[in-house]
Amino acid sequence: FYFGKTTSFDRQLFPACKIEVPERLTVSHETLVRTGLADRCVSVPVREATDAEILLAHSEEYLEAVKKTPYMSLEDLMEFTRQYGDVYFHPNIYHCAKLAAGAALQLVDSVMTGKVRNGMALVRPPGHHSMRSAANGFCVFNNVAIAAQYAKQKYGVQRVLIVDWDIHHGQGVQYCFEDDPSVLYFSWHRYEHQKFWPHLRDSDYDIVGKEKGAGFNINVPWNKVGMENGDYLSVFCHVLLPVAYEFCPDLVLVCAGFDSAIGDPEGEMCATPDVFAHLTHLLMNLAGGKLCAVLEGGYNLTSLVQSVCQTVQTLLGDPVPRPASLKSPCISALESLQCVRSAHKAYWSCLKHAGNHNRAFSRAFKGPEAGEEEEKDAEEKVWPEPPKRVTPPVCAALVLPDDVACPEGCECFSFSEDLDPLLASKLSDTSGFTQAVFGLLLPLGYEYDPGLVVLVRMPDSGVSDSLWQQLIGLLQSFALGHTLVVLQEEEKALIGLTASSLLGNPAASLKQLQAPLTEDTEAIEKLRHRLQADWKFLQTTGECSSITFEININIHRS
Ligand code: SS9
Ligand code: ZN
């Protein structure tokens, strides 16, 4: 943690930012302490990033220029600031920015060496807007871009996934990696057809990366404000997760900005803080659980603090809240989803069958109209505090044949005790398994909101160990993690890894997935089309679903 302090004296002297304030960190930290979450974390000391580390993502000229800022007069600082957009240079910011980047690197070290499983760095200033030779949008050094380069260089990490759930487009991260296939950058952002800051054509869905990096840059533009939990989760199910699993990262970095939450004056979105428990959870079984979240934006203190706590509590392994009463994704979100899937279908086999997007969706950019940039009186949003989440004293209980030893950390019951029969649904394995999980099972689960998940393993199912663990991990998104797994007696060999997943240990990576069989893919797509009239979460297009279905049938017949 680093808390840059601004005195009231400073604030009178320096052009200060009204929303990117020290309280963002002090209040977040106080709350983590008060709720007992801080106590359950290992705190990692911060250090300054070195020049060589900063140069991993920035030019020498830029670093040398920023180095001079602590010695500048107020006038010189103002002059320096004017070169860039929406950033404020205080004499202390060079020091804070070195600590912010250094904190991200300390976290990468702790995760890569296995000292901790995962973690979150609470830092200021944020980083994702800063570019090779330019500060921008409150950001001085690109903390996450530096961390990704550092992980590649120091630990030989081959693939890094960066998930930017901040509501602004991290153009600095995009520019740093646009031709680099070893870093997959995903960002969703308020866009409004380029009318929203930073107004870049480069933020649209069809900017997919360059040269060897083509396909490794995923932009999801939100063209309306007011997006809700269902819109965010739908993009995770139908774009990010299938691609991320196909990419198979060795490390996940999150540009964890919370200005995408309700009440934020910048984002004006309506997703509630508990959605971050789900977003976090859904990423925690990638890369063997190696996940580093680094704070970016988040400017409504109440919403920021609740969202930070939801993220940290999930990283600690507590069950995630019920995704209660999700609304179907809105038309505008579906249009974006369809455009992104279509723009990436050439690069990812999981999207091969995505429909083409309808040109009518892309509206020409007219340029910001006069008055449009004016600050609106954002009406005060109210939302209930997320319900308290419990940490179960025992994570997993097993009923085992008497001759089988109980895995460590589990509560065991004997086989002979009577159990009530329960209903179970059948899931058969295909090579399009992950497609079925992300395209069907997860969205159906989110829409149905079950109170209990029963997972039955049929003999000779052909499901690999890591797939089995992934499935258990992902299904714990539902029913407060209440999962009942039923194994056949002859599959005793699976007890250990099943128990491990029920305890919340990260699943083994699936390794590079082979492309699914065409007939499996087609069967799943057909099922999805058939079901989407009743299950809105299965939709991936903004068009009338019956028309899409007819077109597909015709293609099959010819
Ligand atoms: C337009 C407002 C620019 C910058 C927001 C930067 C957020 C970083 N003058 N707002 S997460
Ligand atoms: Zn932001």
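What the table shows:
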{"item": "Other-chain or far-sequence residues with amide H under 5 Å of Trp222's (modelled H)", "result": "His189, Arg190, Tyr191, Glu192"}
{"item": "Whether the stretch 431-539 is rounded, prolate or oblate, judged on the alpha carbon gyration tensor where a/c under 1.5 counts as rounded", "result": "oblate"}
{"item": "Rough spin-label spacing in nm, given labels placed 7 Å along Cα→Cβ, for Asp465 and Ala38", "result": "4.1"}
{"item": "Cα gyration tensor category, rounded, prolate or oblate, for the stretch 9-138 with a/c compared to 1.5", "result": "oblate"}
{"item": "Rounded, prolate or oblate (a/c below 1.5 giving rounded, otherwise prolate when a/b exceeds b/c) for the stretch 211-260 by Cα gyration tensor", "result": "prolate"}
{"item": "Calculated [θ] (222 nm, deg cm²/dmol) that DSSP helices of n ≥ 4 give over the chain, each run adding -39,500 (n - 2.57)", "result": "-10000 deg cm²/dmol"}
{"item": "FRET efficiency for Glu75 and Lys195, using Cβ-Cβ distance with R0 set to 45 Å, rounded to 0.05", "result": "0.85"}
{"item": "Spacing of the two label points (7 Å from each Cα toward its C-beta) at Phe413 and Glu489, in nm", "result": "1.8"}
{"item": "Average Cα contact separation per residue, the chain, under 8 Å, 6 or more apart, as relative contact order %", "result": "13"}
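Readers should treat all values here as calculations from the given coordinates under stated rules, not as data from a laboratory. Source: prediction; values computed, not measured. Every residue, glycine among them, receives a Cβ derived from its backbone with ideal geometry; neighbour counts consider all protein chains shown.
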